[in-house]
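Asker: Quick one: structure below, then a few questions.
The values are calculated or read from the model by the stated rules, or taken from the named source; none is laboratory data. Quick caveat, the model's predicted, so the values are computed rather than measured. Cβ coordinates were reconstructed from backbone atoms using ideal geometry, including for glycine residues, and neighbour counts include every protein chain displayed. Ligands, DNA and RNA are stripped out before the accessible areas are found, and what is left, the full protein with its side chains, is counted by its heavy atoms. Shrake-Rupley method; radii C 1.70, N 1.55, O 1.52, S 1.80 Å.
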Amino acid sequence: MNISIQDLTKIYGNGHKALKSVNIEIENGMFGLLGANGAGKSTLMRILVSLMKPSSGTVTVNGIDLQKNRKAIRKMTGYLPQDFSAFPKLKTWEFLDYSARLGGVKNKRERRDSVDEMLEEVGLYEARERYANNLSGGMKRRLGIAQALIGNPQIIIVDEPTTGLDPDERIRFRNLLTKISSRDVIIILSTHIVGDISSTCHQMALLRSGKVVYQGSPEDLMNEAKGRVWRVQASHEQFDEANIKFNVISTIPTNTGWELEVVADSVTGYPAEPIAPNLEHAYVYYMEHQTLNL
Ligand code: ADP
């Protein structure tokens, strides 16, 4: 599988440019799209699932133009929108049965098997007779995940999938996606939570104000921030000043004051040592300090 996004631009009716000449290449496996709220992630996702047309540019799936083959590509795509809600009048299993039918699973028996399997997979089997609007927030979210995965789509697009999930549910969801990503599929996971990306995605893009500012592996992104992350010692008196002066990621109290993790090209006036960047450091570095020339 391959998705190629070329020169994609989206200008909304009010003139807002939500995507600015976006170029992304996506291969099999899990792809993370990371960006702050308003960066343009949902806009891109909606274009990829043909819910919206781009203003210009193209998307091809295995070389086939999305705009010219919307129905066929939509059929091979599972989508979890950010604002997912199920039909309240359907039971949990009925909703999944309906989703499987939409996904092209025609055979009733086959559909029943895949519904049962999916209910088990997301831990909703016991709740299969409950109406969707009677499910808890976390369960609704899991139903959303299930309807995106049912029917074995080759492209899976999940927009902010871990919002509203408990930490254990978040881990379970990640494990489920990791399991599926070993197949011949593309999973695109959009999120503003750095932790969603680091443990699962081999490839990623960083979106800022509608522009791709980084594309590559999470490891390479971390390498780019090497030498720009510091552990800084500040006394109690220096604490406020240090917080203004530096881009502080975390603070830990010590016997003599504070130990701060900061992202900066250099640190002067404080005892400081460089530390190995993690993905969160690298994210902050890119978002606040620089735009990479791609
Ligand atoms: P994200 O998913 O990263 O939070 P969105 O794609 O939802 O970002 O939004 C990108 C930008 O486009 C935001 O500034 C948002 O306010 C704007 N936007 C989104 N939808 C519309 C719309 N229908 N009309 C005008 N502007 C919009």
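Asker: Going by what's in this entry, would Ala148 be described as closer than 24 Å to Glu25 by Cβ and of a type outside the set (S, T, N, Q)? Can you show your working first?
Answerer: Numbers: closer than 24 Å to Glu25 by Cβ: yes; of a type outside the set (S, T, N, Q): yes.
Taking the combined requirement at face value, the residue satisfies it.
Asker: Which one is surrounded by the fewest Cβ atoms within 10 Å (Cβ to Cβ) among residues in the range 153-172 that are within 12 Å of the chain's Cα centre (by Cα) and within 16 Å of the ligand (Cβ to nearest atom)? Let's see the steps before the verdict.
Answerer: Taking the range 153-172 and keeping what is within 12 Å of the chain's Cα centre (by Cα), we get 156-163.
Okay, now just the ones that are also within 16 Å of the ligand (Cβ to nearest atom), so 157-163.
On the way: Ile157: 25, Val158: 27, Asp159: 25, Glu160: 21, Pro161: 26, Thr162: 20, Thr163: 15.
Only one residue fits best here, namely Thr163.
Asker: If Phe173 passes every condition in (1) modelled with pLDDT of 95 or more; (2) assigned to a helix (DSSP H, G or I) but one, which one does it miss?
Answerer: Of (1) modelled with pLDDT of 95 or more; (2) assigned to a helix (DSSP H, G or I), only one is false for Phe173: (1).
Asker: Just to be sure I understand, how many residues within the range 140-152 are part of a helix (DSSP H, G or I) and open to solvent by 30 Å² or more (accessible area, probe 1.4 Å)? Show your work before the answer.
Answerer: Residues of the range 140-152 that are part of a helix (DSSP H, G or I), as a first pass: 140-149.
Filter again for open to solvent by 30 Å² or more (accessible area, probe 1.4 Å), leaving 140, 142, 147.
Summing the residues that are part of a helix (DSSP H, G or I) and open to solvent by 30 Å² or more (accessible area, probe 1.4 Å) in the range 140-152 gives 3.
Asker: Could you please find all residues in the range 1-59 being among the basic types (Lys, Arg) and either more than 7 Å from the ligand (Cβ to nearest atom) or part of a strand (DSSP E or B) (or both)? Walk me through it before giving the result.
Answerer: The initial filter retains those residues of the range 1-59 that are among the basic types (Lys, Arg), namely 10, 17, 20, 41, 46, 53.
Selection gives Lys10, Lys17, Lys20, Arg46, Lys53.
Asker: Sticking with this structure for a sec: Among the residues of the range 85-139, write down those that are polar (S, T, N, Q) and outside any helix (DSSP H, G or I).
Answerer: Restricting attention to the range 85-139, the residues satisfying the condition of being polar (S, T, N, Q) are 85, 92, 99, 107, 114, 133-134, 136.
Those that are polar (S, T, N, Q) and outside any helix (DSSP H, G or I): Ser85, Asn107, Ser136.
Asker: Could you list all residues from the range 207-265 that are β-branched (Val, Ile, Thr) and more than 28 Å from the chain's Cα centre (by Cα)? Give the derivation first.
Answerer: Residues of the range 207-265 that are β-branched (Val, Ile, Thr), as a first pass: 212-213, 229, 232, 244, 248-249, 251-252, 254, 256, 262-263.
Hits for the range 207-265 are Val232, Ile244, Ile252, Thr254, Thr256.
Asker: Among residues belonging to the range 11-63 that are of a type in the set (Lys, Arg) and more than 22 Å from Glu288 (Cα to Cα), point out the one that is farthest from the chain's Cα centre (by Cα). I'd like the intermediate steps shown before the answer.
Answerer: We begin by selecting, within the range 11-63, every residue of a type in the set (Lys, Arg); these are 17, 20, 41, 46, 53.
Filter again for more than 22 Å from Glu288 (Cα to Cα), leaving 46, 53.
Numbers: Arg46: 13, Lys53: 21 Å.
Within the range 11-63, the match that is farthest from the chain's Cα centre (by Cα) is Lys53.
Asker: For the range 173-184, give me each residue that is within 17 Å of Ser198 (Cβ to Cβ), open to solvent by 60 Å² or more (accessible area, probe 1.4 Å) and touching a residue at least 12 places away in the same chain (Cβ under 8 Å).
Answerer: Matches in the range 173-184: Thr178 only.
Asker: Please enumerate the residues belonging to the range 197-254 that are part of a loop (DSSP other than H, G, I, E, B), at negative phi and buried (at least 16 other Cβ atoms within 10 Å of the Cβ).
Answerer: Of all residues in the range 197-254, those part of a loop (DSSP other than H, G, I, E, B) come to 199-202, 209-210, 217, 225-228, 236-238, 246, 254.
Cutting the leftovers down to at negative phi gives us 199-202, 217, 225-226, 228, 236-238, 246, 254.
Once the filter is applied, which keeps residues that are part of a loop (DSSP other than H, G, I, E, B), at negative phi and buried (at least 16 other Cβ atoms within 10 Å of the Cβ), the range 197-254 yields Thr200, Cys201, Ala225, Arg228, Gln238, Phe246.
Asker: Out of everything in the range 8-48 that is among the aliphatic types (A, V, I, L, M) and over 25 Å from Ser217 (Cβ atoms), what residue ends up being surrounded by the fewest Cβ atoms within 10 Å (Cβ to Cβ)? First the steps, then the outcome.
Answerer: Start the filter on the range 8-48 by keeping residues that are among the aliphatic types (A, V, I, L, M), which leaves 8, 11, 18-19, 22, 24, 26, 30, 33-34, 36, 39, 44-45, 47-48.
Applying the additional criterion that residues be over 25 Å from Ser217 (Cβ atoms) yields 11, 18.
Values: Ile11: 15, Ala18: 22.
Taking the candidates together, the pick is Ile11.
Results for (1) farther than 30 Å from Asp168 by Cβ; (2) small (Gly, Ala, Ser), shown as yes or no for each residue.
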site	(1), (2)
Ser182	no, yes
Ser190	no, yes
Asp196	no, no
Asp220	yes, no
Ser235	yes, yes
Phe246	yes, no
Thr254	yes, no
Asp265	yes, no
Tyr270	yes, no
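Asker: Of Leu119, Leu80, which residue is in contact with a strand residue (DSSP E or B) (Cβ under 8 Å, 6 or more places away or on another chain) and surrounded by 17 or more Cβ atoms within 10 Å (Cβ to Cβ)? Quick ask: steps written out before the conclusion?
Answerer: Details: Leu119 fails: in contact with a strand residue (DSSP E or B) (Cβ under 8 Å, 6 or more places away or on another chain).
None of the other options fit; the residue is Leu80.
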